[in-house]
Each structure stands twice: as structure tokens, then as C-alpha cells.
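Accompanying notes for the structure given below.
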Amino acid sequence: MIISQKCNNFGFFKVVRRNYKFNFIILKMIAVITGDIIGSQNINPKSWLNALKKELSGIGESPKTWEIYRGDSFQAIVANPANALKTAIKIKATLKAIQDMDVRMAIGIGNKTFAAHKVTESNGTAFVHSGETIEMLKNAKQTLAIKSNWPAFDKEMNLLLKLSLIIMDNWTVNAAEVVKTTMENPATVQNKLGRIVGIKQSAISNRLKRAYYDEIMEVNDMYLFKLKTLK
């Protein structure tokens, strides 16, 4: 019989009494990213499927941690919510680096109350928030949003994301490629990034400026700051 249930920062706990003993069930806070490929019916899956699988494989193993379903949709668990926004930005950059590609994603922050063999069969508030938000995005014609147990946090972050998407939705293939490469090699100086991409260091700098890379990373920094204040 559950006799107490409380919420703390980044987690929930339930106190359960069984035979006069107390058991603590920890429901750790996670993030769930649900996404779908925009205009997939007009794009050959061969052009983007392997790139998406590679990105998702960096999060964990399929199908427990991530899964591609219905041909053009995917869902992934990000164990640490602090990594969720940066993960979504990198997925977007990876797909925008392919001609005519874009992706819609919803980040849900909450708990996981049931862990199935497949991520798409798992459950908890993180999954509910993510699923509800991806449906909202389809109607709103927006490509990225966050939903959590904290409406004030959601409102502030979604305003920042809406403004950021003015830039990210219009990344060129070249800009997205440089953003992706920079995120993959955060400690690498620009002349080495140029050698990886096959362009001059000055071109790397110019493309990052046109992509507003520093400003997008500042939005992620604000996300991390706000996340730490949630109670």
C-alpha cells in the first residue's frame, strides 16, 4: 500500500509499506525525444535513414533506448535530461545537412514508470509529455518544443526555441554540416574542423556565424541553468 508520494528535483519517490517495512521506489527523471521526418513521403529513406540511426545509436541501444517506427518516426530516451536539448539540436543539424531534409521533435521531461523491451512500449510522464507535444507541433507547424511538469519552465524555454527555430529551420546544408561537425568535435580548433569538412578555416568561421552557432549554444546553456532550478 502506498502511504506517501512526493516529488523532488529531477525525480519522484514513493514510500511503500509492505509487512511493516518501508520500501523506496525511485522514479528518476528522464527526457524522451519523439520525432518525425518532415515530408518523408517525398524523400528516399536511403538519403537519411543511416544518418539518423547513427545519431540515435550514440544515445544507446535499440530498441530499448531508441526505435524508428512507422517508417518515418522515432523515439529515444535521453537518460540525463541535461543532454536532451543538445541531442535534439544535433539530430536536427545531422538531417538538415542532407538536401531537402528537416525533422520535427518534441522533448518530454518527466519520469519512466514502466520500462518495456521497446522504448515505444515504455510509459511514464516523460513519454506522455513528448507524445502530446509532437501532435501539437504538427498542428502548430513548429519543429521543436519542450514539455515538462513545470509550465513556467516550458513557457520560457519554448519562447527561446521558437526564436531559435527562425535560424535553425533555415540552416543551409553547408551550415548544418558545420554545426554537426562542431558539435561532434567541441574541443577541436577551427582549422582542424576545416580539414574534417574539407574547407578553409575562414569558411568554417563564416558558416558558424551564419548558423548563429554560438547563440544556439547559449540557448542550450540557459536550458541547463533553468533545469537546475526546477523543484
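Among the conditions (1) under 18 Å from residue 99 (Cα atoms); (2) in a helix (DSSP H, G or I), residue 171 misses just one, which is (2).
Filtering region 216-224 for residues that are within 18 Å of residue 97 (Cβ to Cβ) and either among the aliphatic types (A, V, I, L, M) or at pLDDT below 95 (or both) leaves a non-empty set. Listed by first and then second residue, the pairs linking a residue in region 169-195 that is surrounded by 13 or more Cβ atoms within 10 Å (Cβ to Cβ) and modelled with pLDDT of 95 or more to a residue that is hydroxyl-bearing (Ser, Thr, Tyr) and in a helix (DSSP H, G or I), with Cβ atoms under 8 Å apart and 6 or more places separating them unless they lie on different chains, are 176/94; 178/213; 179/213; 180/94; 182/213.
When the residues of region 48-78 are filtered to those that are hydrophobic (A, V, I, L, M, F, W, C) and farther than 24 Å from residue 216 by Cβ, the one that is surrounded by the most Cβ atoms within 10 Å (Cβ to Cβ) is 68.
For region 79-117, filtered to residues that are of a type in the set (D, E, K, R) and surrounded by 22 or more Cβ atoms within 10 Å (Cβ to Cβ), the residue that is nearest to residue 61 (Cα to Cα) is 92.
Being in contact (Cβ under 8 Å) with a residue 24 or more places away in the chain and either aliphatic (A, V, I, L, M) or part of a helix (DSSP H, G or I) (or both) is the requirement here; does residue 89 meet it?
Numbers: in contact (Cβ under 8 Å) with a residue 24 or more places away in the chain: yes; either aliphatic (A, V, I, L, M) or part of a helix (DSSP H, G or I) (or both): yes.
Taking the combined requirement at face value, the residue satisfies it.
Within region 201-227, the residues that satisfy the criterion of being within 13 Å of residue 168 (Cβ to Cβ) and more than 15 Å from the chain's Cα centre (by Cα) are 210, 211, 212, 213, 215.
Taking residue 199 as meeting all but one of (1) assigned to a loop (DSSP other than H, G, I, E, B); (2) touching a residue at least 60 places away in the same chain (Cβ under 8 Å), write down the number of the exception. Here residue 199 clears every test but (2). Scanning region 129-168 for residues that are part of a loop (DSSP other than H, G, I, E, B), in contact (Cβ under 8 Å) with a residue 60 or more places away in the chain and within 16 Å of the chain's Cα centre (by Cα) returns 143, 148. Within region 125-153, the set of residues being crowded, with 16+ Cβ neighbours inside 10 Å and farther than 18 Å from residue 35 by Cβ comprises 125, 149, 150, 153.
Looking at residue 83, is it at pLDDT 95 or above, out of contact with any Ser or Thr (no Cβ under 6 Å at 6 or more places or on another chain), in a helix (DSSP H, G or I) and farther than 23 Å from residue 223 by Cα? Steps first, please.
Values: at pLDDT 95 or above: yes; out of contact with any Ser or Thr (no Cβ under 6 Å at 6 or more places or on another chain): yes; in a helix (DSSP H, G or I): yes; farther than 23 Å from residue 223 by Cα: no.
Considered against the rule, which asks whether it is at pLDDT 95 or above, out of contact with any Ser or Thr (no Cβ under 6 Å at 6 or more places or on another chain), in a helix (DSSP H, G or I) and farther than 23 Å from residue 223 by Cα, residue 83 comes out as no.
Sub-8 Å Cβ pairs linking a first residue in region 21-32 that is at negative phi to a second residue that is among the aromatic types (Phe, Trp, Tyr) and modelled with pLDDT of 50 or more, at least 6 apart or interchain, are 28/10; 29/10; 32/127, ordered by first then second residue.
The values are calculated or read from the model by the stated rules, or taken from the named source; none is laboratory data. Source: prediction; values computed, not measured. No Cβ is skipped: glycine too gets one built from the backbone with ideal geometry, and neighbour counts run over all protein chains shown.
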